[in-house]
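The next block holds one structure in the form of structure tokens; read it before the comments.
The values are calculated or read from the model by the stated rules, or taken from the named source; none is laboratory data. Owing to the predicted nature of the structure, the values given are computational and were not obtained by experimental measurement. Reconstructed Cβ throughout: ideal geometry from the backbone, glycine too, with neighbour counts over all protein chains shown.
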Amino acid sequence: MATKPRRPTKPPKPARSPDTGARPRAAAPVLAAGELISGRIAGLFGVRGELKLDLSVGSRPAAAIGEPLELVLADAARKSAVVRSLRPHGGRWLIAFEDAVDADAAQAYVGARVVTRAAGLPPLGAGEYYDHDLVGCAVYDDAADGAISGAARALGPVARVEHWPASDVLILESGAMVPLVAGYAPRVDLAGRRITMTLPAGLIDPSRGITDD
């Protein structure tokens, strides 16, 4: 999913949607060079084999009706499944596959991840970034703050990006959460793998991070 800074606001808790059917615990996928996970089958929808698809990259699935979609199942097995139906519903996509015409058959896809090649993603506009581009970038706070008095404080690398109703949020490896909003003046240097922001006092625990003179 494309990420773009928004206006600062107090981050609410992530919205949760109840899923129908059990969710297997997914094993870590083995990806080839240039591949990334672009979505996840979150659960069943109804009795006709439809599944709830949550995308983490892009605004629509990589495959259209009648085309194969590359998946990593919950047990880490790879499978290419032909899309039978695809439609938007309630802020997410509903998808069904040709070999799963009812809920019992579709259950095997719950917990699967969608595999996409990064090279095939469309270009983004200025100030927009794909989540996978930000993961691994080191985050720095350059706000003048007490003892560090203007020195940039290294907060650690980005572990993942979450999309909350009010803003996109960088989840750091330390567990710290940093809203990616325009009010914090984010400067993203993908080539240098660095994100510098001017954060308000008290947003991040002072014990997290070191100064970078």
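Tabulated data for the structure shown
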read-out	value
Total residues in the range 77-104, condition of a type in the set (A, V, I, L, M, F, W, C) and loosely packed, with under 13 Cβ neighbours inside 10 Å	1
Qualifying residues in the range 119-130 (those that are out of contact with any Leu (no Cβ under 9 Å at 6 or more places or on another chain) and closer than 18 Å to Ala185 by Cα) - the one surrounded by the most Cβ atoms within 10 Å (Cβ to Cβ)	Glu128
Residues (more than 14 Å from the chain's Cα centre (by Cα), basic (Lys, Arg) and at pLDDT 55 or above) located in the range 5-59	Arg6, Arg48, Lys52
Tally of residues being at pLDDT 80 or above and either small (Gly, Ala, Ser) or within 19 Å of Gly192 (Cα to Cα) (or both) across the range 126-169	30
All positions within the range 43-56 that are buried (at least 20 other Cβ atoms within 10 Å of the Cβ) and of a type in the set (A, V, I, L, M, F, W, C)	Leu44, Phe45, Leu51, Leu53
Filter pass, Arg78 being modelled with pLDDT of 95 or more and touching a strand residue (DSSP E or B) at 6+ places or on another chain (Cβ under 9 Å)	no
Elements of type strands (runs of 3 or more DSSP E) contained in the range 85-142, each with 2 or more residues being basic (Lys, Arg) and in contact with a Ser or Thr (Cβ under 8 Å, 6 or more places away or on another chain)	none
Filter result for Val114 (out of contact with any helix residue (DSSP H, G or I) (no Cβ under 8 Å at 6 or more places or on another chain), touching a residue at least 60 places away in the same chain (Cβ under 8 Å), under 17 Å from Leu36 (Cβ atoms) and of a type in the set (Val, Ile, Thr))	yes
